[in-house]
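Only one structure is covered here, and it is reproduced in the block below.
Here, each number is a calculation from the coordinates, and none is a lab measurement. This one's a predicted model, so the numbers in the text were calculated from it and none came from an experiment. Cβ coordinates were reconstructed from backbone atoms using ideal geometry, including for glycine residues, and neighbour counts include every protein chain displayed.
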Number of protein chains: 2
Amino acid sequence: MNVPHLLTALKGPMLDLERRLLEAQPTIEHWLRSQWQDRTVPFYCSVDLRNAGFKLAPVDTNLFPGGFNNLAPEFTPLAVQAAMTAIDKACPDARGIVLVPENHTRNTFYLQNLAALAHILRQVGMNVRIGSLLPEITAPTQIEVPGNGSLVFEPIQRKGNRVLVDGFDPCAVLLNNDLSAGVPDVLRGIEQAILPPLHAGWHVRRKSNHFAAYDRVAKEFAELLGFDPWLLDPFFETCGKIDFRGRQGEECLEGYVEEILTDVRAKYKEYGIQEEPFVIVKADAGTYGMGIMSVKDPSEIRDLNRRQRNKMAVVKEGLEVHDVLVQEGVHTFETVDDAVAEPVVYMLDRFVVGGFYRVHTERGKDQNLNAPGMHFVPLAFASPCLPDLAGAPDCPPNRFYAYGVVARLALVAAAIELEETEAAFEAAEAARPVQAARA
Amino acid sequence: MNVPHLLTALKGPMLDLERRLLEAQPTIEHWLRSQWQDRTVPFYCSVDLRNAGFKLAPVDTNLFPGGFNNLAPEFTPLAVQAAMTAIDKACPDARGIVLVPENHTRNTFYLQNLAALAHILRQVGMNVRIGSLLPEITAPTQIEVPGNGSLVFEPIQRKGNRVLVDGFDPCAVLLNNDLSAGVPDVLRGIEQAILPPLHAGWHVRRKSNHFAAYDRVAKEFAELLGFDPWLLDPFFETCGKIDFRGRQGEECLEGYVEEILTDVRAKYKEYGIQEEPFVIVKADAGTYGMGIMSVKDPSEIRDLNRRQRNKMAVVKEGLEVHDVLVQEGVHTFETVDDAVAEPVVYMLDRFVVGGFYRVHTERGKDQNLNAPGMHFVPLAFASPCLPDLAGAPDCPPNRFYAYGVVARLALVAAAIELEETEAAFEAAEAARPVQAARA
């Protein structure tokens, strides 16, 4: 295994934290097991982490992960085994699944992700068909996947309360489309299981719901292990009714930027950290790394120029940004070949199945790395489950154990978030005009 | 990954069989999923396979596998993930397990197996203690494991209806001791889960029960896929009241040897196979490769010399052999570095987690390889779950898929066998004198 070159600048409290996680492994695994006894685990999930040395925290939790092609291929069996467990729950008695992809059929990386995901599901023994929402897909369409054969996109169809693909009637629909544009009518009110559920889409999801749930999870977890939850949990606040272009609601943003910077300065002082605090301002419902900026002073909000305002004002599918999250920034002190890097951990069902470093040669340790120019280095994944108390806390297997733990805390938070948003979504769906529901 | 050099002499019906298994993967995986819906899967299991090219069959199914040290260490995460599922069932709400080993503390290989198994369980987050049945272990005793640190053996103790190890009260007892010598009183009637159950021990198990269950499983499976079950299933018969030293019951053995050789000759003729049929005669309750002989003519039974009779008459723990299995021999046409080899597949819960080749430089393709002088070569285990229809059926990943399928058929058979022997065991236990039950 080729282990990427890991560098962590700060060795103080983080090593202490990692050592505590390692020593508490039985307690942690037991606590995680107990979390899943009365919660529904999302089908899959990827979590972007930032490792500041003194702090390790999730900064983005994706319920429609799109980088399966970036996982080390040697560990596909781990993903297949985890997918078996997930499929057992969804389709104990059937073998057909329709995978609903994003609509960008010309993005090579995305197509490779789709091919990798379909491969995993086929290894589980599922018949997998790709049901596209694209209006221009009106018949089975073969699309080349550079370096990985081809995929057939087929139009997804509705028959009564079921969706089909060319007569193929699946037991479940697996969404790899984050529904930023809303719920397509073809998926409304179908009998088949939809994984993850419709309300996991970005038409419903809010980062603030996720981080509010994560906040509670991190507090309970940190209390169990007897340390400050801040070491795993970034401060955040939200502002509504923001209009970046119309300069509405800026006072709210400036106020919270100031407040969070003050709180972070106090924490840095408590732990003797010399770094300069920063804050991330991002769309509460945004994805794809869009609508994100890094701020070190409230005045930067006031002084945004027109180009910057336009960039913050819209996210994927051209959606206007109104709700904004202001979140403590977590430095990333990891580098791969001298470029700034952040780990992304992939989970299927409740199992960590791999991960990679998102690496950006043009960005700094206090910037968003999910931006054009990034590249990916697979995590050396013999290791995530193999911490070794005899080794140093910062040796890769031990660091990876810590990553797997924090990623799974975010997964628990995602499960809670989905529980808490389900009722409101169901009520809103029930209240839709009858015509639309029948469309 | 270092893929061992695989050679398969015959290319005919076997390739056809492997191709069918590959093509039927969704059907197979779906059928296997359905098998586990109303059956209890054993905690772990290893299956010795023989691949004759024209036939692929299990020849031994071990419910107390002892070769975890022979699995490729790169794939420990696969075992850890599978063990998580197994532990979830046994100890959803606890974190302590006592591992009960065999009594040979001076066998380096066995100690390495124990260390590997304990390592897997610790990665799941279990507190693992080794509770020994050895009378000479009266206090915690550190035992060196060559090349792998040390293990602490502690005396297993009884307190009311629970077993403890130095005050440590586990939620489950994991047996890695095959109970050839019977059920130790300390384990009788305890509240804690025992994995696998007591009646999986060789004091109850009979190979004939296992192969009778396998026979039904193979028939159902072969019918589902539309081929001759003989391709996966060796003929067998049993003789009782055998006394090798006293020359009792030999007519039964000779008769069945003749009968099976005749049946096999007919099958070989049907498939155009030029090999010489042989039969394996083995103790119905034996293990450790003891009490096994390979026979090509009924007269060999009559003509056994005294040394041979003595060898067949007793198995592990000095137990007398009375019940004998006569089973169609399956040639092994696989070789590793020119030595005869047979694959051994390891499973935890219902998941294939690895395997190795048992290799013997001094034995022939029609002999038992589980004998002094054998060595082990890990299976190249990136592959068991990764068959690729685009590749040739005999390319390693595809062959390994076939191995994983047949091993899992044997696992289903083991589950059925345990279901069917439970009631008789419980009744026998209930009928024991009260004093003994309280001991």
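So here's what we get for this one:
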quantity: Residues with amide H under 5 Å from that of B:Cys45, placed H, sequence gap 5 or more; calculated: B:Met347
quantity: Neighbour-count ranking [beta-carbon atoms within 10 angstrom, fewest first] of A:His30, B:His322, A:His104; calculated: A:His104, B:His322, A:His30
quantity: Chain B: relative contact order in percent, alpha carbon pairs under 8 Å with at least 6 residues between; calculated: 22
quantity: Share antiparallel - DSSP beta bridges, chain B, percent rounded to 5; calculated: 75
quantity: Estimated 222 nm signal from helices in chain B, with DSSP H stretches of n ≥ 4 weighted -39500 (n - 2.57), rounded to 500; calculated: -11000 deg cm²/dmol
quantity: Residues B:Glu342, B:Glu276, sorted so that the one with the fewest Cβ neighbours within 10 Å comes first; calculated: B:Glu276, B:Glu342
quantity: Reachable lysines, given that their alpha-carbon falls under 24 Å from the alpha-carbon of A:Lys89 and they are not under 8 places away in the same chain; calculated: B:Lys89
quantity: Two-site FRET efficiency, B:Ala212 against A:Glu320, from Cβ-Cβ distance with R₀ of 56 Å, rounded to 0.05; calculated: 0.20
quantity: Length-normalised contact order for the range B:119-203 - Cα pairs under 8 Å, 6+ apart - percent; calculated: 22
quantity: Shape call, the range B:69-195: gyration tensor on alpha carbons, a/c limit 1.5; calculated: oblate
quantity: Protection proxy ranking, peptides B:84-93, A:153-162, average beta carbon neighbours within 10 Å, highest first; calculated: B:84-93, A:153-162
quantity: FRET efficiency for A:Phe168 and A:Leu134, using Cβ-Cβ distance with R0 set to 25 Å, rounded to 0.05; calculated: 0.90
quantity: For B:Ala371, label point 7 Å along C-beta direction: distances to other copies, nm; calculated: 7.0
quantity: Other-chain or far-sequence residues with amide H under 5 Å of B:Gly355's (modelled H); calculated: B:Ala72, B:Tyr346, B:Leu379
quantity: Charge dipole magnitude, Cβ of K and R +1, D and E -1 - the range A:70-195, Cα centre, debye nearest 20; calculated: 160
quantity: Beta bridge orientation in the range A:70-195: antiparallel %, DSSP, nearest 5; calculated: 35
quantity: Pairs beyond 30 Å (Cα-Cα), from A:Lys207/A:Lys269; B:Lys159/B:Lys282; B:Lys207/B:Lys365; B:Lys159/B:Lys311; calculated: B:Lys159/B:Lys282; B:Lys159/B:Lys311
quantity: Pairwise centroid distance, computed over Cα atoms, of the range B:56-127 with the range A:102-146, Å; calculated: 38
quantity: Distance between modelled label sites at A:Gln308 and B:Ala428, nm, 7 Å Cα→Cβ extension; calculated: 8.1
quantity: The protein assembly as shown - charge dipole about Cα centre, Lys and Arg +1 at Cβ, Asp and Glu -1, debye rounded to 20; calculated: 20
quantity: Centroid-to-centroid separation of the range B:177-194 and the range A:151-179 [C-alpha atoms, Å]; calculated: 52
quantity: B:Gln274-B:Thr27 FRET efficiency (beta carbon distance; Förster radius 35 Å; 0.05 resolution); calculated: 0.60
quantity: Pseudo-label separations to other copies for A:Gln157 - Cα-to-Cβ vector, 7 Å, nm; calculated: 7.1
quantity: Fewest-first sequence of B:Cys45, A:Cys171 by Cβ atoms within 10 Å of each Cβ; calculated: A:Cys171, B:Cys45
quantity: Test item: Cα-centred dipole of chain B, Lys/Arg +1 and Asp/Glu -1 on Cβ, debye; calculated: 820
quantity: Between the range A:302-365 and the range B:199-233, the alpha-carbon center distance in angstrom; calculated: 55
quantity: Built amide H within the under 5 Å cut-off of A:Phe278, gap 5+; calculated: A:Gly329
quantity: Fraction of antiparallel bridges per DSSP, the protein assembly as shown only, in percent to nearest 5; calculated: 75
quantity: Copies compared at B:Gly189 - label distances in nm, ascending, label defined 7 Å from Cα in the Cβ direction; calculated: 6.2
